[in-house]
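The values are calculated or read from the model by the stated rules, or taken from the named source; none is laboratory data. Because the structure is predicted, anything quoted here is derived from the model rather than measured. Here the Cβ positions follow ideal geometry from the backbone for every residue, glycine too, while neighbour counts run over all protein chains shown. Calculation scope for accessible area: heavy atoms of the full protein, side chains included, ligands and nucleic acids excluded. Shrake-Rupley method; radii C 1.70, N 1.55, O 1.52, S 1.80 Å.
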Amino acid sequence: MLESKAILDWNTISAKRNSTPISYKELNASIRTSIKNNQRRIKLMEVLGQRFIGAGLECTEKDPIEIEINGIPGNDLGIFMDGPTITVKGNAEDQVGNTMNNGTIIIEGDCRDVAGLSMRGGKIFVEGNGGYRIGIHMKEYQSQIPILVLGGAGKEFFGEYMAGGILLALGLKFKNSHVVNLERAVSPNLGSGIHGGKIYIRGDVPDSYLGVGAMKTRFSEEDIKILLPIISEFSKNFKIDEDFILEKAFTKITPGSHRPFAGYYTAKPI
Amino acid sequence: MREVIAMAVESNIRHNIPPKFFVQFNRERCILCKRCTINCSYGALSFNGERIIADNYQCVMCLRCALMCPQAAIKIEVNSFQYAPHYNYDDRIRRIIYEQSGSGGVLLASSGCDLPYHHIFDDLLIDACQVTNPSIDPLREPIETRVFVGQKLPQLTPEMDSRDVTLEMEFPPNLEIQEPLIVGHMSIGSISYNACLSIYKAAQEIGTLAGSGEGGLHKDFYKYKNYIIGEIASGRFGVDMKYIKGVAAIEIKIGQGAKPGHGGHLPGEKVTKMISETRMIPQGSDALSPYPHHDIYSIEDLAQLIGALKETTEYQVPVGVKIAAVHNVAPIASGIVRAGADFITIDGFRGGTGAAPRIVRDHVGIPIEVAITAVDQRLREEQIRQNVTIFAGGSIRYSADLIKIIALGADAAEVCTPVLIAMGCTVCQSCHRGLCAWGIATQRADLVQRLDVNLASKRIMNLFKSWNEELREILGAMGIDSVESLRGNKDRLRYVGANPKIAEVLGVKHAGE
Amino acid sequence: MKKISFANMPHLKDDKVFDACGIAGFINLDGQCENGSKVKQMISILKERENGLGGGFAVYGVWPEFQDQYCLQLLLDDETAKERVEEYLKKKVNIVKDEQCPVSHNIHPAPLIWRFFVDVPAKEENPDDFIVELVMAIHSEIAGAFCLSSGKNMAVFKGNGWATEIADFYKIEQYKGFMWLAHSRFPTNTPGWWGGAHPFNILDYSVVHNGEITSYGTNRRYLEMWGYKCKLRTDTEVIAYLFDLLMRKQKLSKLVTCNILTPPYYNEIERMTTGEQHFFKLLRMNYGPAILNGPFSILVACNRPVPSLIGLTDRKKLRPLIAGISGDGNTVYMSSEESALRYVSPELSMVWAPTAGTPIIAELGVGLISQGTERLLRPQKIGAEIA
C-alpha cells in the first residue's frame, strides 16, 4: 500500500470559539491531531496569547512541519522544538525558541525577553526588536550551531552566558515600508559571561557596553563565510535589500577567554 | 574588555602555612613496590631513587595510597602542627584567611557541610510495640515498602470503581519504586561515566529511581531510562526531545541544599571532550549554570515551565521540582504544588555537591528535619498534600535517618553521599578538583577506569537492600506492616534533645509524654 | 461551621505571601468614561497567570456627583461590623451619603460591601493625613472591617476568586470610569482573605503588582519611620505607601518618584553628565531604603496632580510589561501580555515594551509624558517614536 504523502494544503485551525480564545491545551492538541492525520501544514488563526505552541514537536527535513501563526502567540513559542518551521505574522511574547534543538522560527514583528534561551540548534529570525537577555546561554557542539538574528536592536544582557552559537543584531527599522538604520543595535552588558560562540553587531559597539569577559575581535574570512548565508536568509525572510544590510560594518564579539572566571575561585582544601 | 571582577590585587602571593595532612611511612614494612606513587592522583607521592617521599601539601587524605598499600605501611595523619590556641580564631578560620589573602579567590569546596551544626535526627527516638499491640516479624511476615511517585487524586470517581482500576487509567502518571529510597542527582561531569553507569545499573536491579543530575544523559545510558529522573537545571544541559520524552520523570532543579540560590558548577578541569559533547559547551570551559532559570523569575513562571513540560510530554510523565530548604520553604512548596508539580524534592542544607563556594555550602539553608515538617504541615493545612510526592534529601546518612524523615512527613528519601561512599568514596571533599583517586568524581580516563562498574553497582544494591531490611526491621518493631502508615506518623517519634522548641516545631512529643 | 472572616487577616504565623499575577489597565486620554467590561476582558485572557485565589479592579472618574468627597469603600464581615464602622465614622467625619455596594450571588459566602462618601471636618488641617490615619485605625481597631479604597472619585473592587468572578460579583459593568486597573492573582498562602487581593490602595493611589519585592523588610521599616503601619503582610502594600509618601507628602513629581524607586545602577550614572550624576547620586544616597528590589511589574493609578496611569518594571526587567496605544490614539493600554491589549483593541497604533526600571506615564488630557524607553527627569513631548 502506498504511504500517503503529507497533505500539501494548509489546514486552518481557529484559536477562537464563539469569539472567545480557546485554551492552549486545546489548541496544541488540535495541532498534534492535525500532524497525526498527516496534515503537516497548519495555519492558526486569531491566536491570542496561547502558550507553548509547537512545544516539543519533532520532524526531519524530509518530512517537514510548517505552522503559520496569525495573531499573538503566548510565551514559550517553540519550546524544546526539534525541526518544524514556525512563522508568526506579528509580534511574539517571552521565551521564543526556549531550549530549541532544531527548526526555524520567523517573527514578522518584535520578540520580548529571553528569546533563544539555552538554544541548542536551529534558527530564529526576528524582523523587529528584542528585549532583555536574548540568546542567554546558547550552546553548540560541532555541527549543531544555533543562530538567532534580530533585525532591530536588543536590550541589555544580549548573549549573556553564551557558550556557543551565533547571535546577530542588525539595528534596522522599518519606517513607512522602507528600511532605515537605528542609532544603535545593542545595549550595555553585551555578552556578559560569554565563554563560547560569536556575536556580530551591525554598527559600532562602545567599549563601555561590553559585558564581563566579552571582547571585540578582528574579522576574518571565516566570519564572512559564516555571515553571508545568514544575512541572505534573513533578507529573504523579510524582503529586505541584502546590500543595505552589508553596507554598514559589523563588530565581532567573542569570549576574552573560555574561562572568564578562572581566577575567581580557589580550590585548595582548608 | 572588561576583566572579571578584579578581586585579586595580585593572586598567588600565598602564605607559608603548614600542610593539613602528613603522610607517614613505616619504612620497615615498605617494600618499595611504588604502588602508592601510581595510585596517588594528587601528586603527593613520588620515588626519589631511594625511598618514597611525600609532598604533604598535595595530600587530601583520600586514603587511596594507604588502602592500596600491600604492606599497610602508610598512615595519613591530620597534621598536629598547631597555631597558638585561640578559641575564636581557631585553626580553621586562620587557614581560611591565609588562603583568601593569598589567592584573592572565593574558596571552593565539595561534598556537604562539615561544620558541627547540631543533628536533629540524633535527638529523635523511635517507638516500638510492647504488649498493647504486637510487633511484626520482617523475616517471616510481609512488611511492604513500596512507594508510588506522582500526583494522586482527592477521590476516585464512581465510574472508575466499576472497572479494573490500573494506574494508567485516567489517573495522573505515577511511578512505582520498591522502597522509599532513590538515588539523588549527580551529573555526569561531577561524577564519572563509570560511577553513573554503576548507579543506573543498580537502580534498575533494585527497582528504584536515580537522578540524572544536570549534565544531561549520555547516549549509553538511555537503556536505563525507565529508572531515571531527568533533571532540567538552569543550564539546560542535554535537554532535547530524546531526553524529555525518554526519562521516567522530569525534575526542574531550582536549587540544591549545598548551595541554595546558586547554579551548578563544573570546573573546567572536568569538562573533557565527552562532557563538552553532552553539555554542548567548549572543552575546558567552566560549566557554570545560571543562578536562576532565566525563564523562571516568579512562581507563575515555574507554573509555565511545568505546563510546557507536561504539554511536551503529553501529560504522560510526572514533572517535579527540586528546591533547597530555605526559610520560607513551606509557602514556596505550596506555590510549587499550585503551579502543577507532581513531586517536590526538598534538599536540606547539609546536602552534598561536586563544587560550591565553601561559604555557601557551610552557612546557607535550613535542616531537612524542620523543612520537611514545615512543608508537610503547610500542605496539609491547605488540603493539597495528596497532590504531590515529597522527597527529602540532604544528609540522610543511614536507615535511621530515613525512617525518621518519613515519620516527619516525607514520602521517600534521596541519597547521594552514601551512594558515593558505597562505591568507595572516602569523603575527602576534593571532588571539585577532578582528581578523584577512586575514579568517582573525575573525568580523567586513567582514574575513571579504576572504578569497577560491576563491583560498584553491586555495592550500591547491597546498600539499598540493607537499608530496606533495616526499615522493615523497625517497621516490624513498630507494629506497622506498610510504609504508608509510617508517613507523617509523628506520634511514633519522641524527642530527647535539649531544646524543647525543636520538639514543638517538629510537632513531636518529648520522651516521657 | 466555623465562620470565615473576609476582613480580618487570618492568623498565618508570620509568613510572607508570594504573589504571581496578571495585571492590566488603561486610560482614555480625553476622559471618556466607559464601563468595566473592557478591563474584564483584558484580564480574562491572562488566566494562566492566576489560580483563582484573588482578583480585583480599580476605577477612576466613577462618582461625578460626589467627586469632592472621599469615598470609603469597605469590606465588612457582616451587619454588625458595618454598624461598628458606621458608629466610628459618625464620630470622625461627616457622612454625606452611604449605600450598599450591589453584588451578585455568584460567590458564597461573601462579605458585605458598603461605601461611605465623607467630608473631613473643616478644622482638620490636613484632610488627606486624617483619612490615612482613619483607614489605619479601621484596620487595626475595628474587627471585621477592611477599607478597600479611600480616594476621591475612585473605587477599588477586589476579593477572593477568579478575576472574572470578582468582576461579576461586583458588577463592574455598571460603573463607568476613564481609567481602570485589573489584577488576577496567584498567591501561595491560605486563601480566604479578601483583603489580600490587589489593587492595594491608599487615598487615590492604587497599585496592581506582579512579582515579589525582596526589599520588603527594608521598605517597611523605612515607611514605619514616617508613620505608616504596614499591617497587610503583602509586599504590594509598601509600593502604595511609597507613592503616597513621595508624591503626596514630599510633593515629588511622578518621574522623580519613579527614579527613586528604580534608580539607575552606578555604571549607568557614570555615563551621565556631571549635573545628572550629582542629582542621581543624591537621590540614591537619600532614598536608599525606598528602592524597590526584586522582580516586579506594577501599574499605579492616581488622581493628583493630574489623573495618571504609571507602568514600571524592576531594573533587570524580570517581569513582563507591554504598553500600547489604540488606533485612534486616545487610549493608552498597559498589561503583562500583548494578547490582553489585542483582545480589546485589535488595531494598535503602537506597541512596545519599556526599558527596565523606566516608567511609562500617561496623563489625562495630555498623553504620554514618559514612554519608558529612556531615563527622564522631566516629561518629554508626546509623539516621539519608539526606537
**Message:** With θ taken as phi - 60° and the coefficients 6.51, -1.76 and 1.60, list the Karplus ³J(HN,Hα) couplings across the stretch C:72-79 in order, rounded to whole Hz; mark glycine and proline as x.
**Reply:** 9, 9, 10, 9, 10, 5, 6, 4
**Message:** Between C:Ile310, C:Ile107, C:Ile27, where does the largest GNM mean-square fluctuation fall for chain C, given springs only between Cα atoms within less than 10 Å?
**Reply:** C:Ile107
**Prompt:** Sorted by accessible area with a 1.4 angstrom probe, largest first, how do A:Asp223, A:Asp63 fall?
**Reply:** A:Asp63, A:Asp223
**Message:** Using a 1.4 angstrom probe on the protein heavy atoms only, could you order B:Arg338, A:Arg202, B:Arg444 from most to least accessible area?
**Reply:** B:Arg444, B:Arg338, A:Arg202
**Prompt:** Among the lysines, which have Cα under 16 Å from the Cα of C:Lys254 when same-chain residues fewer than 8 positions away are ignored?
**Reply:** C:Lys381
**Message:** Quick check: at a probe of 1.4 Å, how many percent of the accessible area of chain C sits on carbon and sulfur atoms?
**Reply:** 51
**Prompt:** Cα centroid distance between the stretch A:245-270 and the stretch A:98-159, in Å?
**Reply:** 20
**Fill in**
Around C:Phe146 (Cβ within 11 Å, Cβ-to-Cβ, excluding C:Phe146; K/R +1, D/E -1) the net charge comes to +1
**Prompt:** Going by alpha carbons, how many degrees (0 to 90, nearest 10) lie between the helix axis of A:24-36 and the longest principal axis of chain A?
**Reply:** 70
**Prompt:** From the Cα gyration tensor of the protein assembly as shown, with a ≥ b ≥ c the square roots of its eigenvalues, which class applies: rounded if a/c is under 1.5, or else prolate if a/b is larger than b/c, or else oblate?
**Reply:** prolate
**Request:** Kindly express, to the nearest 10 degrees and within the range 0 to 90, the angle between helix A:221-238's C-alpha long axis and the longest C-alpha principal axis of chain A.
**Result:** 30
**Request:** Output ³J(HN,Hα) for the stretch C:278-290: one whole-Hz value per residue in order, computed from phi by the Karplus curve 6.51 cos²θ - 1.76 cosθ + 1.60 with θ = phi - 60°, and x for Gly and Pro.
**Result:** 4, 4, 5, 5, 4, 4, 5, 4, 7, 10, x, x, 8
**Request:** Quote the accessible area belonging to B:Phe171 in square angstrom, nearest 10, computed with a 1.4 Å probe and with ligands, DNA and RNA left uncounted.
**Result:** 40
**Item:** Inter-label distance for C:Met350 and A:Val179, nm, one decimal - labels placed 7 Å from Cα along Cα-to-Cβ
**Value:** 2.5
**Prompt:** Amide H of B:Ala109: which non-local residues (sequence gap of 5 or more, or other chain) have their own amide H closer than 5 Å, using H built in the peptide plane?
**Reply:** B:Ala356, B:Arg358
**Item:** Signed unit charges on C-beta, dipole axis of chain B, positive-most listed residue B:Tyr297, B:Pro154, B:Thr132
**Value:** B:Tyr297
**Cross-link table C:Lys123/C:Lys231; C:Lys152/C:Lys251; A:Lys155/A:Lys239; B:Lys201/B:Lys322, entries beyond 22 Å C-alpha to C-alpha** = C:Lys123/C:Lys231; A:Lys155/A:Lys239; B:Lys201/B:Lys322
**Request:** Kindly tabulate the residues in the stretch A:227-267 with an accessible-area decrease of at least 50 Å² between the chain alone and the assembly of all protein chains, using a probe of 1.4 Å.
**Result:** A:His258, A:Arg259, A:Phe261, A:Tyr264, A:Tyr265, A:Thr266, A:Ala267
**the stretch B:180-510, accessible surface, carbon-and-sulfur percent (1.4 angstrom probe)** = 51
**Item:** Euclidean distance of C-alpha centroids, the stretch B:455-510 and the stretch B:281-309, integer Å
**Value:** 35
**Request:** Could you tell me whether chain B comes out rounded, prolate or oblate from its Cα gyration tensor? Rule is a ≥ b ≥ c as square roots of the eigenvalues, rounded for a/c under 1.5, then prolate if a/b exceeds b/c, otherwise oblate.
**Result:** prolate
**Asked** Whole-Hz Karplus ³J(HN,Hα) for the stretch B:250-260, in order, using 6.51 cos²θ - 1.76 cosθ + 1.60 and θ = phi - 60°, x for Gly and Pro?
**Response** 10, 10, 8, 8, 8, x, 9, x, 5, 8, x
**Message:** Let's see if you can work this out: charge +1 on each Lys and Arg Cβ, -1 on each Asp and Glu Cβ, no other charges. What is the dipole magnitude of the stretch B:180-510 about its Cα centre, in debye to the nearest 20?
**Reply:** 580
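Quote the total accessible area buried by chains B and A together, excluding ligands, DNA and RNA, probe 1.4 Å, nearest 100 Å².
Values: alone 24360 and 13980 Å², together 33230 Å².
For chain B against chain A, roughly 5100 Å² becomes buried.
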**Message:** Before I look further, what does the protein assembly as shown give for accessible area per residue, probe 1.4 Å, in whole square angstrom?
**Reply:** 39
**Request:** Using label points projected 7 Å from each Cα along Cα→Cβ, tell me how many nm separate B:Leu115 and B:Asp127, to one decimal.
**Result:** 3.6
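Chains C and B: what accessible area do they bury, summed, in square angstrom to the nearest 100, with a 1.4 Å probe?
Separately minus together, C and B give about 1400 Å² buried.
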**Message:** If you take every residue apart from C:Pro289 with its C-beta less than 10 Å away from the C-beta of C:Pro289, what net charge results, scoring Lys and Arg +1 and Asp and Glu -1?
**Reply:** +2
**Prompt:** Roughly how many Å² of A:Tyr264 are accessible to a 1.4 Å probe, to the nearest 10?
**Reply:** 60
**Fill in**
Taking protein heavy atoms only, a 1.4 Å probe, and rounding to whole percent, the accessible area of the stretch A:109-255 owed to carbon and sulfur comes out at 49
**Prompt:** Just A:Pro21, A:Pro73, A:Pro255 to compare: in a GNM of chain A, with alpha carbon springs under 10 Å, which one fluctuates most?
**Reply:** A:Pro21
**Request:** Give me the net charge of A:Arg40's neighbourhood, meaning all other residues with Cβ under 9 Å from the Cβ of A:Arg40; Lys, Arg count +1, Asp, Glu -1.
**Result:** -1
**Cysteines not pairable in chain B (beta carbon separation under 4.7 Å absent)** = B:Cys30, B:Cys33, B:Cys40, B:Cys59, B:Cys69, B:Cys113, B:Cys129, B:Cys196, B:Cys416, B:Cys425, B:Cys431, B:Cys436
**Request:** Enter the buried accessible area of the C/A pair, total of both sides, probe 1.4 Å, in Å² rounded to the nearest 100.
**Result:** 2000
